[in-house]
1. Can you find, within region 133-191, the residue that is modelled with the lowest pLDDT among those that are hydroxyl-bearing (S, T, Y), in contact with a helix residue (DSSP H, G or I) (Cβ under 6 Å, 6 or more places away or on another chain) and part of a helix (DSSP H, G or I)?
2. Only one of these is within 20 Å of the chain's Cα centre (by Cα), open to solvent by less than 30 Å² (accessible area, probe 1.4 Å) and β-branched (V, I, T): T187, T170. Name it.
3. Got a sec? Which of L124, L74, L86, L110 is under 19 Å from S180 (Cβ atoms), modelled with pLDDT of 80 or more, in a helix (DSSP H, G or I) and open to solvent by 20 Å² or more (accessible area, probe 1.4 Å)?
4. Hey, can you tell me all the residues within region 13-23 that are over 20 Å from K108 (Cα atoms) and under 16 Å from the mean Cα position of the chain (by Cα)?
5. Filter region 1-57 down to residues that are farther than 21 Å from F89 by Cβ and not in a helix (DSSP H, G or I) and give me whichever is modelled with the lowest pLDDT.
Amino acid sequence: MITEKFKSKSKNRYIVILILVLFSILINGYHFGVSGSHHIIVPFFKSHVDPSLFQNDILFNHLSESYLTYYFKLLSPVAQFIDIGLLFFVLYPVFLYLSFLAVYLISKYLFDNEFAAYLAVLFLIIPNPPLGTTLLGTYVLDARNFAFFLLLFSVYFFLKERYIISFGLTGIAFNFHGMSSTHLLLTYLTY
């Protein structure tokens, strides 16, 4: 009886977070190719898919040496078979869902209140540019989104004193977006 109630409650949690993801996309929208980071990410992906593009472009030759992350290495082979716009559109709600789930778990752990956890996710959805715009207020898929949910889960495991998992997730996230991961790593080391 207790396990059935727990499974039902757990399943409801995932459904509510899915509804919140859809609500977020509905009120905030999704953008492809028009945002600041996409001006360089989309052509860079296209150059990874088709190496003959931009062969003599100084910018791409310079960035290929200094801006390689596993973000491009992981998604470029998939982008050979699926349009980049469709790939980003499919991955965006997936990463948003994982980020919201991590925020929910952190809030649930900190406040021990399910309502407060849902409220924390809801406050992420409501646009508020002064609060965390660079990570939370982007409505595009980029390397930060790829790393952000990993970093949030890292914080969750750090709070639960599961340090090996926490640092492992931070290390994996570093391969996708080093700057965000470094900030979190410095926070951990300061602690």
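The values are calculated or read from the model by the stated rules, or taken from the named source; none is laboratory data. Only a predicted model underlies this, so the values are computations on that prediction, with no experimental measurement involved. Note: ideal-geometry Cβ built from the backbone for every residue, glycine included; neighbour counts use all protein chains shown. Ligands, DNA and RNA are stripped out before the accessible areas are found, and what is left, the full protein with its side chains, is counted by its heavy atoms. Shrake-Rupley method; radii C 1.70, N 1.55, O 1.52, S 1.80 Å.
1. If we take residues in region 133-191 being hydroxyl-bearing (S, T, Y), in contact with a helix residue (DSSP H, G or I) (Cβ under 6 Å, 6 or more places away or on another chain) and part of a helix (DSSP H, G or I), then S180 is modelled with the lowest pLDDT.
2. Result: T170 is the single residue among T187, T170 that is within 20 Å of the chain's Cα centre (by Cα), open to solvent by less than 30 Å² (accessible area, probe 1.4 Å) and β-branched (V, I, T).
3. Only one candidate passes the filter, namely L124.
4. If the condition is that a residue be over 20 Å from K108 (Cα atoms) and under 16 Å from the mean Cα position of the chain (by Cα), then L22 is the only one that fits.
5. Among those residues, the one meeting the criterion is M1.
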